[in-house]
Amino acid sequence: MTAFARTPAPPYYAAIFTSQRTPGDHGYAATADRMVELATCQPGFLGVESVRDADGFGVTVSYWTSTEAIAAWKADLEHRAAQEAGLRHWYAHYELRVALVVQAHGKPAA
């Protein structure tokens, strides 16, 4: 997987998850890796991009074909368990925003 998601021509949806981590891993890294692995198998998944700074602030953007696909991902049982663990252990604060991507352009890698 590259750092940049390979998305189709718009329109599509972006689920933008911003978070502030709590100190310590407590199984976070393994679960985060598993969630990416699991998301890639979900119908409607297009890609993901994620970064986190040294202070624990992170942004993960996942791309989807529809809001129904995002809702199905949110309801996935293994993902639900990870969400609950996030509330209990991993996140001091988080926000989730869903946006319709209507335009996308960039400079391709050389």
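The values are calculated or read from the model by the stated rules, or taken from the named source; none is laboratory data. Keep in mind it's a predicted model, so treat the numbers as computed, not measured. SASA here: full protein model, heavy atoms, side chains in, ligands and nucleic acids out. Shrake-Rupley method; radii C 1.70, N 1.55, O 1.52, S 1.80 Å.
D by Stokes-Einstein for segment 48-110, Kirkwood Rh over Cα pairs, 37 °C, 0.692 mPa s: 232 µm²/s. By accessible area, using a 1.4 Å probe on protein heavy atoms only, the chain has 59% of its surface on carbon and sulfur. Computed with a 1.4 Å probe over protein heavy atoms only, the accessible surface of the chain comes to 66 Å² per residue. Here's how it looks for Ser66: its modeled amide H is under 5 Å from those of Tyr13, which are all 5 or more places away or on a different chain.
When the scattering of the chain is computed by the Debye formula from its Cα atoms alone, each counted once and equally, what is log10 I(q)/I(0) at q = 0.18 Å⁻¹? Treating every Cα as an identical point scatterer, log10 I(q)/I(0) equals -0.95.
As a length-normalised measure over Cα pairs under 8 Å and 6 or more apart, the relative contact order of the chain settles at 45 percent.
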